[in-house]
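Read through the structure below, which is laid out as structure tokens, and then see the notes.
The values are calculated or read from the model by the stated rules, or taken from the named source; none is laboratory data. Keep in mind that this is a model prediction, so the values were computed, not measured. Reconstructed Cβ throughout: ideal geometry from the backbone, glycine too, with neighbour counts over all protein chains shown. These area figures cover heavy atoms from the full protein model, side chains too; ligands, DNA and RNA do not enter into them. Shrake-Rupley method; radii C 1.70, N 1.55, O 1.52, S 1.80 Å.
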Amino acid sequence: MTTLTIRRPDDWHLHLRDGAMLQAVLPETARHFARAIIMPNLVPPVVTLDDAVAYRDRILAALPQGMTFEPLMTLYLTEGTDPTDVERAAASGLVKAVKLYPAGATTNSHSGVRDLTKVMAVLETMARIGLPLCTHGEVTDPEVDIFDREAVFIDTVLAPLRRRLPELRIVMEHITTEEGVAYAADGGENLAATITTHHMIINRNHILAGGIKPHYYCLPVAKREKHRLALRKAATSGSPRYFLGTDSAPHVDALKEHACGCAGCFTATNTLSLLAHVFEEEGALDRLEGFTSLHGPAFYRLPVNTATVALEKRAEPCVWPDKIVSGAGPVTVFQPGFPVHWHVLT
Ligand code: NCD
Ligand code: ZN
């Protein structure tokens, strides 16, 4: 197969930031994607419906003329979140999920949740109205090894929460382990998982062997090879439990190449080509559309996109810019380390 036409994809986990960075990275997503679930971890975070409406307006104002893109907004769950505001947000139709960051788990998560019992009224409301909870699934206990934090979160936070509130619809965001794959597989209709492009391409050796590669560092951190293989198997399985959330997370180079470097891989520019490469390697090109364009809308109870996007496999490899220039500084584009021949026709 050398050409492939699929329904226009959606990104079910995306960081767009704000201001000059938003301006620079938004076109990279809007070029190929129709919609995206927009992460709320700004400083200060997007907590209320009013915050989300204002942020959505800034995103739409930053969209270049001639491009179409629908931001699907999320609220950042805090221990002060008001359940009635969440209910109003869902009713507005603009807010499609609430995001749980365990406090301290990742970039800009300090306003997140320390004690789940403090947000139980919000979660009960969400379960009642069917509004999904997107989880950053890592515990923050310093005693727990960073490579085990996802598996421990499943056992000690997610499983008890789901026993207590089985009606709550949950997305396990950016799963990185075979434990995450297995838990999502058995979770029934109220559970799904997003998988990033980069976690299907790199394992922890890519970050740490032969010199530290800050642009491959993200959270949850890439794990052993067996986990990467489990993620590829899940994504290409055709199961509706798994769909794309790139977690494309831009940081300027000065903060990535730093003594205490920020977590995040910027993949918006080349994600679709990389996914075609991965799915072809797995003999599953016919399942790419499900992963990028069908399973996500089904879980979020949204219509699928009617527009399409075409890809073509060419002899010459794709050439991407090394960096996106932003008013805040340069942002390095994720480089897979091998040639990719699937060009997106725009
Ligand atoms: C994200 C960011 O930079 O906002 N970083 C990352 O490594 N993925 C936060 C997140 O999703 O964990
Ligand atoms: Zn993220």
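Yes or no, residue by residue, for (1) touching a residue at least 12 places away in the same chain (Cβ under 8 Å); (2) more than 17 Å from the chain's Cα centre (by Cα); (3) more than 16 Å from ligand 2 (Cβ to nearest atom):
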{"position": "Phe33", "(1), (2), (3)": "yes, no, no"}
{"position": "Ile37", "(1), (2), (3)": "yes, no, no"}
{"position": "Arg56", "(1), (2), (3)": "yes, yes, yes"}
{"position": "Ala61", "(1), (2), (3)": "no, yes, yes"}
{"position": "Pro64", "(1), (2), (3)": "yes, yes, yes"}
{"position": "Pro71", "(1), (2), (3)": "yes, no, no"}
{"position": "Thr74", "(1), (2), (3)": "yes, no, no"}
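Taking the criterion of being closer than 21 Å to Met73 by Cβ and aliphatic (A, V, I, L, M), the residues of region 106-142 that qualify are Val113, Val119, Val122, Leu123, Met126, Ala127, Ile129, Leu131, Leu133.
Would you point out the residue of region 92-127, among those that are outside any loop (DSSP other than H, G, I, E, B) and among the charged types (D, E, K, R), that is nearest to the chain's Cα centre (by Cα)?
Step one: filter region 92-127 for residues outside any loop (DSSP other than H, G, I, E, B), giving 92, 95-100, 102, 113, 116-127.
Next cut, among the charged types (D, E, K, R) only: 96, 99, 118, 124.
Details: Lys96: 14, Lys99: 11, Lys118: 26, Glu124: 24 Å.
Applying the filter and picking the extreme gives Lys99.
Considering each residue of region 53-61 in turn, none proves to be within 16 Å of ligand 1 (Cβ to nearest atom), open to solvent by 50 Å² or more (accessible area, probe 1.4 Å) and over 30 Å from Asn205 (Cβ atoms).
For region 242-280, give me the residue count where each residue is buried (at least 20 other Cβ atoms within 10 Å of the Cβ) and more than 15 Å from ligand 1 (Cβ to nearest atom). The qualifying residues number 12. Sub-7 Å Cβ pairs linking a first residue in region 136-147 that is open to solvent by less than 60 Å² (accessible area, probe 1.4 Å) to a second residue that is assigned to a helix (DSSP H, G or I) and of a type in the set (Phe, Trp, Tyr), at least 6 apart or interchain, are Gly137/Phe153; Glu138/Phe153; Val139/Phe153, ordered by first then second residue.
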